[in-house]
Amino acid sequence: MGDNKSEKQNYNVVNKSLTKVDGKSLVNGKPVFAGDYDYPDGLVAGILASPKAHAEIVKINTSEAEKVDGVVSVLHHGNVDRVPHTTAGQGYPEPSPYDAYIFDRRVRYVGDRVAAVAGESGEAVREGLEKIDVEYRDLEPIFDPKKSRDASVLIHDEEDSSGIYDPENNVAANVDIEIGDPEKIISGADVVVEETCETQFAQHTPIEPHVTTAYLDEHERLVVRTSTQVPFHVRRILAQILDMPIGKIRVIKPRVGGGFGVKQEFLLEDVASLFALRTGRPVTMEYSREEEFRSSRCRHPMEVRVKLGATSEGELQGIIMEVLSNTGAYGTHSLTVLSNVGSKTLPLYNKASDLHFFGDAVYTNLPVPGAYRGYGAPQGYFSLEFAMEKLAEKVGKDPIEIRRINHIKEGETSPIFEKLGEGKEGTVQYINSCRLDECLDRGAEKIGWNERNDKEASDKYRKKGFGLAINMQGSGIPLIDMAAARLKLNEDGSFNLYVGATDIGTGSDTVLSQIAAEALGIDLDDIIVYSSDTDFTPFDSGAYASSTTYVSGNAVRKAAEKARDRIIEIFASRYDENPEEIDWKDGKIIGSDTTKTLAEFALSLTSGEMETDQEQIEATASEVPEESPPPFAAHFVELEVDTRTGEIDLQKYVSAVDCGTAINPNLAEGQMEGAIVNGIGYALTEEMEFNNSGRMTNPSFFDYKIPNTEDIPEIEVILVESSEPTGPMGAKSVGEIGINGAIPAIANAVRDATGIELTNPPFTPEKVWEKLKETRK
Amino acid sequence: MKVEFVLNGKEVEFDVDPGKVLLDLLRESGHKSVKAGCKTGDCGACMVLVDGRAMTSCTLYAAQVDGQDVKTVEGLEDELADRLKESLLEAGAVQCGFCIPGVLISAYSLLSKVENPSRDEIKAALDGNLCRCTGYVKQIDAIKETAKSLGGS
């Protein structure tokens with residue numbers, strides 16, 4: 001591909017850190033979130049959560065609840081249709097099993113739904129929920145994923161669920177891909193490394209919990225205003241489970257207070273809608289923080305075994321990766337997250353010719369993992385990058401060098417791209433842009449990698465260490481997800497941009513507006529963006545899988561080109577110009593004889609001046625990506641371990657990322673910084689803990705520790721811009737990749753500092769101290 | 001019971017239940033900048049200024065602010081507030097924006113008292129404002145930048 005940097009163009013609107021188009025309203029605290037709207041005559045509703053990990057509901061009596069003053073409606077399995085579905089907000093047909101019901105006769109984890117109450121006030125709802133009398137028959141719960149496959153108890157033996165890989169053995173999903181004969185090549189290899197790491201239950205914790213309001217409009221259509229990442233999928237699933245035509249439902253996404261995957265789930269919309277349909281009144285539901293922890297979604301805990309075989313020079317020959325994923329009580333995203341553990345990691349080391357990737361996602365009676373930033377990649381990269389560190393040591397190479405020798409380069413491919421996709425086969429893909437070597441160089445320089453052995457810890461009890469990890473992600477889901485955009489010209493030359501793409505705080509409304517403005521040669525101020533309203537914007541799969549900048553961005557670019565072409569066509573015919581020779585720049589349409597500003601021409605287009613040539617310029621374009629160009633990143637950390645307390649003092653975190661063209665560098669850095677800190681929490685402090693009844697014991701920000709300002713190290717993000725030829729203005733997506741590095745880089749640095757091997761995050765002082773104690777023996 | 005206080009510069013009076021939480025009272029009376037992220041005093045999204053101090057309104061009864069001066073982001077309109085908002089936007093410190101009103105309140109309270117805070121002082125002042133989007137880097141930068149721009153003028 002040559003030197004991409006030289007191909008990089010100069011842009012007017014993109015590649016600039018312009019402020020967010022929705023920034024002013026956010027910074028002034030305007031009422032723009034789902035919970036900020038007031039509804040006259042509105043009801044509130046709440047959910048009765050299961051106190052049992054596994055039980056059958058023998059009897060449910062709601063008569064006392066219905067008598068409570070202010071209670072208006074009560075829902076439970078006895079009065080709601082049973083429709084098997086998945087809560088995964090994925091493209092249709094979803095690659096997740098249909099194993100969920102609005103309400104079921106069975107509860108499968110502490111926090112599962114039992115019933116719901118709508119009422120005039122929060123107090124009435126609380127009292128109503130308390131007065132619901134439920135008789136349970138306890139079933140034996142399964143908490144250990146390692147025992148799930150052989151358990152005598154079945155978690156999903158109901159007859160009407162479908163798409164479960166092996167319900168007789170509690171296996172929700174399975175993947176098994178073999179390329180060549182890795183066992184053979186590894187057994188004959190000069191060097192073999194085998195590592196097993198185990199990751200924990202962790203939560204997304206957007207600061208805005210899930211909030212949904214459902215109401216009927218004046219035409220009796222169902223309107224749902226909800227904090228979602230996937231408005232179009234929500235509409236489709238609502239239609240499916242309520243047995244309503246899609247056209248009778250409108251889903252509106254207002255500003256969303258963070259998602260990270262947890263709002264790619266369909267969680268409150270069904271119950272709020274049912275209440276609205278039954279009562280004819282607006283119904284608002286909002287998870288409390290405790291409910292958000294217990295009953296929303298989390299990250300799949302996994303055990304990932306990696307076995308590497310390499311030459312004495314450190315060239316990888318074979319990789320075996322085996323995964324046991326705990327999918328909790330329901331199989332939402334079970335197959336695709338499992339697939340991604342391999343599909344987002346193994347192509348990075350494409351020098352290994354022979355590969356085996358296999359594993360199961362098993363049911364347990366614990367809360368439900370789903371989509372979470374990184375989507376399996378963080379779990380896979382932990383084991384892989386931990387093993388790579390040992391390989392470097394065994395062959396006597398610098399950890400940077402071992403990665404350089406083995407990582408994928410421009411023009412190369414991996415058989416994994418074709419064999420392993422999102423719940424089915426993938427697509428062939430060659431890497432068009434990869435500046436990972438530069439990421440390694442620049443990150444190493446910033447952290448002081450070559451001088452690391454000269455640096456001393458701050459006191460004699462502390463030990464200093466450096467660590468690194470590299471990774472890739474993707475940009476959307478090729479040949480599955482799609483995005484569309486529509487542009488409408490106004491009389492002053494400004495354009496309305498309508499996108500189905502879902503800004504959940506990432507800044508995608510801004511990024512997409514920048515792409516539109518650039519392609520149209522106008523200012524950002526001349527784009528008025530409106531996103532994610534199923535009545536008014538075209539379809540988009542939604543905000544997940546690092547898709548928006550790349551996939552939705554390309555849809556916007558195409559729509560802009562279409563609009564521009566049509567304007568030129570009309571201009572040429574009106575003024576008798578050759579369309580091929582018309583120039584379009586600085587807001588002007590320049591022909592050989594006639595020149596007009598876009599604003600002048602736009603005004604004339606809908607005025608009598610144009611006589612019968614009047615036309616509303618409007619262009620819609622769809623984008624179905626054929627590939628998913630990976631962003632690449634190198635993460636470096638510097639830390640000290642206090643050998644007296646086991647505390648890890650993370651001092652510096654440097655991350656260099658190849659993001660293609662950064663459409664908005666500030667926002668791209670922000671995606672990285674946020675993901676890095678999210679990853680640091682995952683590595684050091686965050687874990688959902690359970691008692692022996694399966695109840696989460698730390699469902700609050702006080703007990704479940706996410707990083708605050710005092711917990712962050714010095715963080716430096718370096719954007720190493722390449723130009724991705726298939727991306728809009730050369731861009732790739734960077735929503736997720738930043739979260740993949742913290743666990744392995746920190747584990748590698750702790751090993752560098754102390755020699756201890758941490759294989760089960762979070763790396764709390766207790767765990768570190770215990771390991772240090774073992775080494776002293 | 002009757003509660004009287006100054007809210008965003010205006011004297012207000014509410015007839016409330018003694019158990020009424022300030023957060024709920026403020027939101028119900030249209031002050032939607034005050035966000036509910038946890039209702040346990042841990043996330044800081046509901047912060048307001050009470051006599052100039054940044055406090056979580058979810059852990060205060062309305063009755064506790066009787067006779068005091070309460071400010072929400074709706075009432076922050078002076079030069080310091082404007083500069084802070086501008087710096088937050090320019091630094092790229094606003095992603096989803098849900099935590100931002102609380103961040104503004106904490107930062108406003110800090111800069112009202114400390115003219116040129118160090119990064120460590122900023123971190124300490126904002127340690128009660130959880131943000132899951134930004135990683136805090138640009139928020140700290142923005143507050144530092146605000147202090148600089150005001151000191152220079």
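Six or more apart or on different chains, Cβ under 6 Å: which pairs go from a residue in segment A:199-216 that's touching a residue at least 40 places away in the same chain (Cβ under 8 Å) and within 10 Å of chain B (Cβ to nearest Cβ) to one that's β-branched (Val, Ile, Thr) and buried (at least 24 other Cβ atoms within 10 Å of the Cβ)? Could you list them?
Pairs found: A:HIS204/A:VAL262.
Looking only at segment A:13-50, count how many residues are of a type in the set (Lys, Arg) and more than 14 Å from chain B (Cβ to nearest Cβ).
0
Quick one: which of A:LYS585, A:LYS562, A:LYS488, A:LYS558 is modelled with pLDDT under 95 and of a type in the set (Lys, Arg)?
Testing whether each residue is modelled with pLDDT under 95 and of a type in the set (Lys, Arg) leaves just A:LYS585.
Against the condition touching a residue at least 60 places away in the same chain (Cβ under 8 Å), crowded, with 24+ Cβ neighbours inside 10 Å, small (Gly, Ala, Ser) and farther than 30 Å from A:ARG404 by Cα, how does A:GLY280 come out, does it pass? Let's see the steps before the verdict.
On the way: touching a residue at least 60 places away in the same chain (Cβ under 8 Å): yes; crowded, with 24+ Cβ neighbours inside 10 Å: no; small (Gly, Ala, Ser): yes; farther than 30 Å from A:ARG404 by Cα: yes.
The answer is no for A:GLY280.
Identify, from the list A:LYS52, A:LYS16, the residue that is among the basic types (Lys, Arg), out of contact with any His (no Cβ under 9 Å at 6 or more places or on another chain) and closer than 26 Å to A:LEU667 by Cβ. Give the steps one after another, and end with the answer.
Details: A:LYS52 fails: closer than 26 Å to A:LEU667 by Cβ.
Being among the basic types (Lys, Arg), out of contact with any His (no Cβ under 9 Å at 6 or more places or on another chain) and closer than 26 Å to A:LEU667 by Cβ holds for just one of A:LYS52, A:LYS16, which is A:LYS16.
Looking at A:GLU140, A:GLU159, A:GLU195, A:GLU220 in this structure, which one is among the charged types (D, E, K, R), more than 30 Å from B:PRO101 (Cβ to Cβ) and in contact with a strand residue (DSSP E or B) (Cβ under 6 Å, 6 or more places away or on another chain)?
From the options A:GLU140, A:GLU159, A:GLU195, A:GLU220, the qualifying one is A:GLU195.
I'd like to check something: does segment B:129-150 contain any residue that is surrounded by fewer than 19 Cβ atoms within 10 Å (Cβ to Cβ), in contact with an Asp or Glu (Cβ under 6 Å, 6 or more places away or on another chain) and closer than 26 Å to B:VAL70 by Cβ?
No - not one qualifying residue is present in segment B:129-150.
Does B:GLY97 satisfy the condition of being over 16 Å from the mean Cα position of the chain (by Cα) and either within 7 Å of chain A (Cβ to nearest Cβ) or at pLDDT below 95 (or both)?
no
I need the full set of residues from segment A:683-711 which are crowded, with 22+ Cβ neighbours inside 10 Å, under 26 Å from B:ALA91 (Cα atoms) and either in the same structural domain as A:SER547 (by TED's automatic domain parsing) or of a type outside the set (A, V, I, L, M, F, W, C) (or both), in order please.
If the condition is that a residue be crowded, with 22+ Cβ neighbours inside 10 Å, under 26 Å from B:ALA91 (Cα atoms) and either in the same structural domain as A:SER547 (by TED's automatic domain parsing) or of a type outside the set (A, V, I, L, M, F, W, C) (or both), then A:PRO707, A:THR709 are the ones that fit.
Of the residues A:VAL125, A:VAL114, A:VAL80, A:VAL110, which is touching a residue at least 60 places away in the same chain (Cβ under 8 Å) and touching a Pro at 6+ places or on another chain (Cβ under 8 Å)?
On the way: A:VAL125 fails: touching a Pro at 6+ places or on another chain (Cβ under 8 Å); A:VAL114 fails: touching a Pro at 6+ places or on another chain (Cβ under 8 Å); A:VAL80 fails: touching a Pro at 6+ places or on another chain (Cβ under 8 Å).
Step by step, each of A:VAL125, A:VAL114, A:VAL80, A:VAL110 is checked, and only A:VAL110 is touching a residue at least 60 places away in the same chain (Cβ under 8 Å) and touching a Pro at 6+ places or on another chain (Cβ under 8 Å).
Can you pull out every residue in segment B:126-145 that is small (Gly, Ala, Ser) and either at the interface with chain A (Cβ under 7 Å from one of its Cβ atoms) or over 14 Å from the mean Cα position of the chain (by Cα) (or both)?
If the condition is that a residue be small (Gly, Ala, Ser) and either at the interface with chain A (Cβ under 7 Å from one of its Cβ atoms) or over 14 Å from the mean Cα position of the chain (by Cα) (or both), then B:GLY135, B:ALA142 are the ones that fit.
What about A:GLU401, is it surrounded by fewer than 24 Cβ atoms within 10 Å (Cβ to Cβ) and among the acidic types (Asp, Glu)?
Taking the combined requirement at face value, the residue satisfies it.
Could you check how many residues of segment B:2-12 are touching a residue at least 40 places away in the same chain (Cβ under 8 Å) and either in contact with a Phe, Trp or Tyr (Cβ under 9 Å, 6 or more places away or on another chain) or assigned to a strand (DSSP E or B) (or both)?
Here is the first cut: in segment B:2-12, the ones touching a residue at least 40 places away in the same chain (Cβ under 8 Å) are B:3-9.
The next check asks that each one be either in contact with a Phe, Trp or Tyr (Cβ under 9 Å, 6 or more places away or on another chain) or assigned to a strand (DSSP E or B) (or both); those that pass are B:3-7.
Residues that pass the stated criteria total 5.
Can you say whether A:GLU64 is over 27 Å from B:ALA36 (Cα atoms), of a type in the set (D, E, K, R), surrounded by fewer than 20 Cβ atoms within 10 Å (Cβ to Cβ) and in contact with a strand residue (DSSP E or B) (Cβ under 8 Å, 6 or more places away or on another chain), as far as the supplied structure shows?
The answer is yes for A:GLU64.
Just a yes or no: is a residue in segment B:61-68 of a type in the set (A, V, I, L, M, F, W, C) and closer than 23 Å to A:LYS30 by Cβ?
Within segment B:61-68 (the criterion being of a type in the set (A, V, I, L, M, F, W, C) and closer than 23 Å to A:LYS30 by Cβ), the answer is no, since none of the residues qualifies.
Every residue, every condition in (1) closer than 30 Å to B:ILE105 by Cα; (2) outside any loop (DSSP other than H, G, I, E, B); (3) not assigned by TED's automatic domain parsing to the domain that holds A:LEU366, yes or no:
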| residue | (1), (2), (3) |
| --- | --- |
| A:SER25 | yes, yes, yes |
| A:ALA45 | no, yes, yes |
| A:LYS52 | no, no, yes |
| A:TYR109 | no, no, yes |
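Which of (1) more than 14 Å from chain B (Cβ to nearest Cβ); (2) at pLDDT 95 or above; (3) surrounded by 19 or more Cβ atoms within 10 Å (Cβ to Cβ) is the odd one out, the single condition A:ASN4 does not satisfy?
(2)
In this structure, is B:ALA36 more than 10 Å from every other protein chain (Cβ to nearest Cβ) and of a type in the set (Gly, Ala, Ser)?
Spelling it out, it is not the case that B:ALA36 is more than 10 Å from every other protein chain (Cβ to nearest Cβ) and of a type in the set (Gly, Ala, Ser).
Looking at (1) touching a residue at least 12 places away in the same chain (Cβ under 8 Å); (2) crowded, with 23+ Cβ neighbours inside 10 Å; (3) within 8 Å of chain A (Cβ to nearest Cβ), find the lone condition where B:ALA107 falls short.
Against the list (1) touching a residue at least 12 places away in the same chain (Cβ under 8 Å); (2) crowded, with 23+ Cβ neighbours inside 10 Å; (3) within 8 Å of chain A (Cβ to nearest Cβ), B:ALA107 comes up short only on (3).
Anything in segment A:327-359 that is assigned to a helix (DSSP H, G or I) and over 27 Å from A:GLU313 (Cβ atoms)? List them, or say none. Before you say what the answer is, go through the steps one by one.
Here is the first cut: in segment A:327-359, the ones assigned to a helix (DSSP H, G or I) are A:334-343, A:346-349.
Answer for segment A:327-359, where residues must be assigned to a helix (DSSP H, G or I) and over 27 Å from A:GLU313 (Cβ atoms): A:SER334, A:LEU335, A:THR336, A:VAL337, A:LEU338, A:SER339, A:ASN340, A:VAL341, A:SER343.
How do the pairs read when you match residues in segment A:144-159 that are free of Cβ contacts under 8 Å to residues at least 60 places away in the same chain and over 22 Å from A:THR86 (Cβ atoms) with residues anywhere that are among the β-branched types (Val, Ile, Thr) and in a loop (DSSP other than H, G, I, E, B), using Cβ under 8 Å and keeping only pairs 6 or more apart or on different chains?
What qualifies is A:ALA151/A:ILE142.
Where residues in segment A:405-449 are assigned to a loop (DSSP other than H, G, I, E, B) and of a type in the set (Val, Ile, Thr), which of them is farthest from A:ALA310 (Cα to Cα)?
Among residues in segment A:405-449 that are assigned to a loop (DSSP other than H, G, I, E, B) and of a type in the set (Val, Ile, Thr), the one farthest from A:ALA310 (Cα to Cα) is A:THR427.
Could you list, in sequence order, the residues of segment A:491-538 that are out of contact with any Pro (no Cβ under 9 Å at 6 or more places or on another chain), in a loop (DSSP other than H, G, I, E, B) and either of a type in the set (Val, Ile, Thr) or under 30 Å from A:VAL234 (Cβ atoms) (or both)?
Answer for segment A:491-538, where residues must be out of contact with any Pro (no Cβ under 9 Å at 6 or more places or on another chain), in a loop (DSSP other than H, G, I, E, B) and either of a type in the set (Val, Ile, Thr) or under 30 Å from A:VAL234 (Cβ atoms) (or both): A:ALA501, A:ASP503, A:THR506, A:GLY507, A:ILE522, A:ASP535, A:PHE536, A:PRO538.
How many residues are of a type in the set (Gly, Ala, Ser), part of a helix (DSSP H, G or I) and more than 14 Å from chain B (Cβ to nearest Cβ) when one looks only at segment A:715-762? Lay out the reasoning, then the answer.
If we filter segment A:715-762 for residues that are of a type in the set (Gly, Ala, Ser), which is where we start, we get A:722-723, A:727, A:730-731, A:733, A:735, A:738, A:741-742, A:745, A:747, A:749, A:753, A:755.
Imposing the further condition that a residue be part of a helix (DSSP H, G or I) reduces the set to A:730, A:738, A:742, A:745, A:747, A:749, A:753.
Going one step further and asking which of them are more than 14 Å from chain B (Cβ to nearest Cβ), we end up with A:730, A:745, A:747, A:749, A:753.
Going through segment A:715-762 one residue at a time, the tally reaches 5.
The values are calculated or read from the model by the stated rules, or taken from the named source; none is laboratory data. Owing to the predicted nature of the structure, the values given are computational and were not obtained by experimental measurement. Note: ideal-geometry Cβ built from the backbone for every residue, glycine included; neighbour counts use all protein chains shown.
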